[in-house]
Amino acid sequence: MSKKQNISRRHFLQTSGALALSAGLLGRNFAAPAFARERNPNGKLNIVTVGTAGMQGAFHFGGIVGENVFAICDVDENMLNAAGERFPEAKRFVDFRQMFAELGDKIDAALVTTPDHTHAVASIAAMKLGIPCYCEKPLAHTVEEVRRMTDLAKEKKLITQMGTQVHAGENYRRVVELIQAGAIGPVEEVHVWCGARWGGLTMPTEFPEVPKNLHWDLWLGPVPHRPYYPCYFGGRWRAYWAFGNGSLGDMGCHHIDLPFWALKLKYPNSIESTAPTPVDPECTPNDMIAKYEFPARDNLPPVRLTWYDGEARPPLLAEKGLPAWGAGTLFVGKEGLLLADYGNHLLYPEEKFKDYKRPEKTIPDSPGHHAEWIAAIKSGKGPTSCDFGYSGPVAETVLLGTLAYRLGKKLDWDAANLKVRNAPEADALLKKKYPEGWTIN
């Protein structure tokens, strides 16, 4: 980083109400806000976005609209121009590399909401410049990319946030309090499921011309060249290993986040995954089941966590006569059960918990997932609730579930060294080679 960048990025805006805090107060050191009054006297951050369609247009813009949307980037010029109508003052780019090269020392924060295969290259490009980053789940496309993002954020002491927006909701907070207060006793078994079905597709055989509005080479980014095909769009890229990781890659971080938070999980010891269909080298399956084993943590027992997607469901739901919610998490404790989804939770057996006195609220309300990240950047107070230090292991766990399926064996995972002890062939899927012009190093 240049001297000019360092001064402008590290200048602390006293009039924003932020106070410089010591490492002892913060829990760990964070870079001072990349927030400069001489640039924005109104106290707003210069935020850039990489990706403007899908969740970005429908949701993320609403989370940052109170700041200065300084630049927008999208490989689809139609989407880019539509976003530009909403933010006419924002500079427009089709290549995020050019955007960061031209504007790097003027950017206060970056929001990355591209398809999974370009999460890492875009986020790392920002973080290398010392720019705080908000990146959609599951952070990256491979385990190595997630770890690189996690390590870089720590090295640069950046305020980060993974886009698991449900984490900011009240329901998850109340569930965590119940579990950690021992409402259902020690928990050694958890079942997590979601009805998403991003799988079962086939590879294209006919290839139309690339639309004039689309920069196909930039959409591919770090993926080796392949012909354009419309089926890769509308979110269906998730059904192809080159770009996504199926239903688990799409929704796993949202749902597995809850047991991670409540049970203080980190890295699993072993992972085993199955699906009704044989492994396809190009396309993801439906109805996958992934089984994880987590070690004991402090005074907490080991945990067996099972994921189900599509039509797969925990047999325990029917056995216990529990509601067949389309998605949810079932904690199995020694003294009872807790069933939860995004907005609801129930204790079972109902008769046993009829007069149960709930614990006091100990987890503060969130101002909102984006607002939390923005406030942390302005104040220097962190980490956020889903910073990469916490959410990196969540994302790695999700991606290891798809890896186990593709390898067809139970994996003995060495998290410290990023290795599968019993499958050296896993290296080819844990990492990937990058075409010229794209890198995470």
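The values are calculated or read from the model by the stated rules, or taken from the named source; none is laboratory data. Bear in mind the structure is a predicted one, so any value in this text is a computation, not a measurement. Every residue, glycine as well, gets a Cβ built from its backbone with ideal geometry; the counts of neighbours run over all protein chains shown. Just the protein is used for accessible areas: all its heavy atoms, side chains included, with ligands, DNA and RNA removed. Shrake-Rupley method; radii C 1.70, N 1.55, O 1.52, S 1.80 Å.
Some notes on this structure:
- Loop GluC sites (Glu not before Pro), region 163-256 (other Cβ atoms within 10 Å of the site Cβ: 11 or fewer; DSSP): Glu206, Glu209
- Among the GluC sites (Glu not before Pro) in region 276-367, those placed in a DSSP loop whose Cβ has at most 16 other Cβ atoms within 10 Å are Glu282, Glu311, Glu335, Glu350, Glu351, Glu360.
- Charge-dipole axis of the chain as Lys and Arg at +1 and Asp and Glu at -1 on Cβ define it, positive-most pick from Leu346, Gly389, Gly437: Gly389
- Sites Glu85 and Trp438, calculated FRET efficiency, Cβ-Cβ separation with R0 22 Å, nearest 0.05: 0.15
- Amide proton proximity set for Leu337, modelled H, under 5 Å, gap of 5+: Tyr348
- Charge-dipole axis of the chain as Lys and Arg at +1 and Asp and Glu at -1 on Cβ define it, positive-most pick from Tyr229, Thr329, Leu258: Leu258
- Viscosity 1.002 mPa s, 20 °C: Kirkwood-radius Stokes-Einstein D of region 198-357 over Cα pairs, µm²/s: 116 µm²/s
- A simple rule links phi to the HN-Hα coupling: the Karplus curve 6.51 cos²θ - 1.76 cosθ + 1.60 with θ = phi - 60°, which for region 317-323 gives 4, 5, 4, 9, x, 8, x Hz, with x for Gly and Pro.
- Legend: residue pairs Lys137/Lys419; Lys44/Lys157; Lys264/Lys432, Cα-Cα distance threshold 26 Å; pairs beyond threshold, Lys264/Lys432.
- Value of D in µm² per second that Stokes-Einstein yields for region 338-441, Kirkwood Rh from Cα pairs, at 20 °C (1.002 mPa s): 116 µm²/s
- Stretch gain in nm, segment Lys320-Ala296, where the contour uses 0.36 nm per residue and the Cα spacing is subtracted: 6.0 nm
- Each residue of region 163-168 is assigned a 3J(HN,Hα), and the resulting list reads x, 9, 4, 5, 4, 7 Hz, derived from the Karplus form 6.51 cos²θ - 1.76 cosθ + 1.60 (θ = phi - 60°), x at Gly and Pro.
- Potential extension, Glu77-Arg421 segment - 0.36 nm per residue separation minus Cα distance: 119.3 nm
- Here r is the Cβ-Cβ distance between Phe59 and Arg174 and R0 is 30 Å; the resulting FRET efficiency, rounded to 0.05, is 0.80.
- Summarising the label geometry, the points placed 7 Å from Cα in the beta-carbon direction at Thr274 and Lys357 lie 4.6 nm from one another.
- Listed values for region 418-434 are Karplus-derived 3J(HN,Hα) couplings in whole Hz (6.51 cos²θ - 1.76 cosθ + 1.60, θ = phi - 60°), namely 6, 9, 9, 4, 9, 8, x, 5, 5, 4, 5, 9, 5, 10, 8, 8, 10, and x replaces Gly and Pro.
- The residue among Pro364, Leu399, Gly246 whose Cα reaches farthest toward the positive pole of the charge dipole of the chain, with charges on the beta-carbon of Lys, Arg, Asp and Glu, is Pro364.
- Partner lysines for Lys212 [C-alpha distance under 25 Å; skip if fewer than 8 residues away on the same chain]: Lys91
- Within region 195-271, the chymotrypsin sites (Phe, Trp or Tyr not before Pro) that combine a DSSP coil assignment with at most 16 other C-beta atoms in a 10 angstrom radius are Phe233.
- Comparing Cα centroids, region 126-145 and region 364-441 end up 9 angstrom apart.
- Using equal-weight Cα scatterers in the Debye expression, the normalised intensity of the chain in log10 at q = 0.05, 0.10, 0.12 Å⁻¹ is -0.18, -0.72, -1.04.
- Of all complete DSSP H helices in the chain, those with a Cα span along the helix axis of 24 Å or greater and a mean Kyte-Doolittle hydropathy of -0.5 or more are 246-263, 388-407.
- What the Cβ-Cβ distance of Cys231 and Arg304 gives, at R0 = 30 Å and to the nearest 0.05, is a FRET efficiency of 0.25.
- Surface composition of region 253-337: carbon and sulfur atoms hold 52% of the protein heavy-atom accessible area at a 1.4 Å probe.
- Amide proton proximity set for Glu189, modelled H, under 5 Å, gap of 5+: Arg304, Val332
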